[in-house]
Each structure stands twice: as C-alpha cells, then as structure tokens.
Amino acid sequence: MKLKYLSKLLVLAALFNSAPANALVLLQQVSVLTGVDYDTNPTLATSNESAVWRYTAAPKYTASLVDDRNRWFAIAGLNLQRSSNKAISENRQDPSISAGWQHEYEKGFYNLTIDYTKASSRLNEFTTTGIVDKDGSATSKSISASWSRLLTERLNLSVAGQYLQINYTGSGFTNYNTKSLNSSLSYQLNEKLNPFLQVAISDLSSEGGGSQSRISQSYLVGTTAQINPNLDMSVSLGLNHQQASGNGWVANSTLTYLGEKYNLQGTLSRNVTASGLGQFQSTDNISLRYGYDLSDKSRAGTDFNWSSNASTGGNETRQLGGWYTKELSDLWQFKLSLNLKELKNNTQSANSSIFGISFIYNTTDF
C-alpha cells in the first residue's frame, strides 16, 4: 500500500475516534536555530584534507491540539545550510514534516504517525554504516502505528508496525523500503522488575541490480529494572535470523542515572537493521552521555559513541563531543560544541574536528 493512501487512513481514523464532547486546547511553538561550524575534514580523507565552514538556519513550527484523551500534532521544519566549499559540503535545503495522533483509553493507548525527512546522506550513513560518501541526500518517508493494552493488572501487550521508504540522490547508496512489525509482552513482577518477551520482524526490499527482498527476525527476552529511585536499567538478549545469512545474536542494555545536578545515560547493544547498503547489517554500539548543571541557567556535558559494522569490513567509528549551553533569556539559548570524529578499518584511519557555535530562539506556547 502506497504511503499517500496510508496517510489518508491516519486522518480518517483520527476523525472517527475523536471525542468532540471534550474541550480542545491549541498549543503552538516556534523555534529557530542559527549557527556556524568549522569542520577540519568533512570527507574524512586520509590525505589532502580540506576544511569547510557551514552556516545554518533551521526554523521549526510545532502545533498540538489536545483534549482529555487525544493529542493531534504537526511539526514542520526546514534546515537551511550554506557551505564555504560546495565541492566538499553542499548547500542544503532540507525540509521535515511530522504529523500524528495519540489516543489514550482506560487500559492503554494507540498512536499513528506519518513522517517526511530530507537530510545529508553523508551524515546519516556515517552514523549507521561507517561509510563516508559524497554529500548527497537521503529522503525518508514513513507511516507507523502502535498499540498497547493492559490485559490484566500486571500483563501488558504492545504492538507496533511501520512502513519506511528511503531514497538517495547524489550518493552511492541503494534505495530501499522496509515493512516491520514489533510485539512485546511484559509482566510486572513487582514494583522494580518488569520482565518481557519481544519479537521483531522486518522485510527489506532494495533496488540496484534487480529488486531484492530479505527478511530479518529477532526474538529477545529481557527485563526493565528500577535499582533505586535514581537508577533505571533495561537488559535483553536474543537470537536474530536472517533469510540470507542465517543466525546470530542480538542484545540491548541501557542504564540511566539521575543525580541532583547531573545525569548519566549509557547503552551497549548489538542490533540488526536495514541500511543504504541494500541489506541488513549487524552493528555493535557503545554510547555514553553525561550532563551537569553548572547553574540554574547553564549546563555542560560530554557524549561518546563507538560503533563497529561487520557488513562494511569492520568499519569502526568513534565520536567524542563536549558541549556547553546557557540560557540568555526566557527566549534565547546559546550553545558551544566541539566534536571529534574518527573512522578506522583494516586499511586506513582518518579523523576530523568540528567546532560549532549556535543560538536558539524558542517561543513559549501560544
């Protein structure tokens, strides 16, 4: 079923299930990010490195219509970017649109969301595959739905489905689409432990060299746990089966700690996902994020991300960043950032440094 017909179903379902008896409240917000960054090696070349300045303006409008049980929302944004060297980093005009409906009922909720996003394929694929390609574009269109219901006082069933289509222009990646279904059954053992079973199935169809279709199935068992009022964690382990390559293992673990003035988040995972390589890929990932409140109006922190992708010959990517933010007024915020990127594989190693300054304007709800 094509995306435009699925989006019509979103509108019809929302109108059919809305509750006109409840008073509706309209909330709106506008934000604009303006900034400049300096990248010492955007192509991650091993020799003859060339730096680039990028100037960005990114306005965004958000509207929400809410009542006691429903929330309709729409988010529209535009990322405008100008480069000092278009041969290395292209000028960009990337729109994004998201719209959806969320409904709560006595024993659960269900959501419908449609998304359209255009972004740099170089940035997206470096994060997911560890490949640095030409600065093309990746256009993503998706429609997703989720449903959750409390079957008993302790037993909960959740189901989510998505259709995703990604097309590339000006790059060497392969267009593809996925149809995925995820289901989770959880049981509240006590106030701190919530074990669960999860099943995820994804059907990938890719272009290039003839249409190819592959299926990935993942089966996991795990639990969420509240160690203390400040510390939460989730751990799961399971099996992945791919139609083309057989069996492998997958795992996910997350940890969140909220202190009085700081917070720490960490993840450790092995996941199988679709990619612009025209196939499923297995990726190991470690990420850490630390933030500290310097005062009521300023905050600083650091981020670290490491990924290894077996599908690209063992490409390893490392990203380390530091940032500082300060509220200049009720409407204005300042941000200073420094990011270090490194790409390493069996034959080469390259790195870059990115320094950025930005100002963010946020209106209050109106």
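Does any residue of segment 59-78 turn out to be in contact with a Pro (Cβ under 6 Å, 6 or more places away or on another chain), of a type outside the set (K, R) and under 25 Å from S142 (Cα atoms)? Looking for residues that are in contact with a Pro (Cβ under 6 Å, 6 or more places away or on another chain), of a type outside the set (K, R) and under 25 Å from S142 (Cα atoms), one finds at least one in segment 59-78, hence yes. T169 meets the conditions (1) touching a Ser or Thr at 6+ places or on another chain (Cβ under 6 Å); (2) in contact (Cβ under 8 Å) with a residue 24 or more places away in the chain; (3) crowded, with 16+ Cβ neighbours inside 10 Å in every case but one. The failed one is (3). If the condition is being among the charged types (D, E, K, R) and open to solvent by 70 Å² or more (accessible area, probe 1.4 Å), then segment 216-274 contributes E260, K261. Scanning segment 75-118 for residues that are open to solvent by 50 Å² or more (accessible area, probe 1.4 Å) and part of a loop (DSSP other than H, G, I, E, B) yields a total of 8.
Residues in segment 52-73 that are at pLDDT 95 or above and in contact with an Asp or Glu (Cβ under 6 Å, 6 or more places away or on another chain): 2 in all. Return yes or no: is D67 surrounded by 15 or more Cβ atoms within 10 Å (Cβ to Cβ) and under 24 Å from F359 (Cα atoms)? So D67 does not fit the description; no.
The residues in segment 300-337 that are within 23 Å of the chain's Cα centre (by Cα) and assigned to a strand (DSSP E or B) can be counted, and the count is 24. If you go through segment 310-332 and keep only what is open to solvent by less than 60 Å² (accessible area, probe 1.4 Å) and touching a residue at least 12 places away in the same chain (Cβ under 8 Å), you end up with S311, T312, G313, G314, N315, E316, T317, Q319, G321, G322, W323, T325. Tally time: how many residues in segment 39-64 are in contact (Cβ under 8 Å) with a residue 12 or more places away in the chain, open to solvent by 40 Å² or more (accessible area, probe 1.4 Å) and over 21 Å from S171 (Cα atoms)? Counting residues in segment 39-64 that are in contact (Cβ under 8 Å) with a residue 12 or more places away in the chain, open to solvent by 40 Å² or more (accessible area, probe 1.4 Å) and over 21 Å from S171 (Cα atoms) gives 6.
The values are calculated or read from the model by the stated rules, or taken from the named source; none is laboratory data. For clarity, every value in this text was computed on a predicted model and none was experimentally measured. Note that we place each Cβ from the backbone using ideal geometry, even for glycine, and neighbour counts take in every protein chain shown. When the accessible area is computed, the model is the full protein with side chains, heavy atoms only, and any ligands, DNA or RNA have been set aside. Shrake-Rupley method; radii C 1.70, N 1.55, O 1.52, S 1.80 Å.
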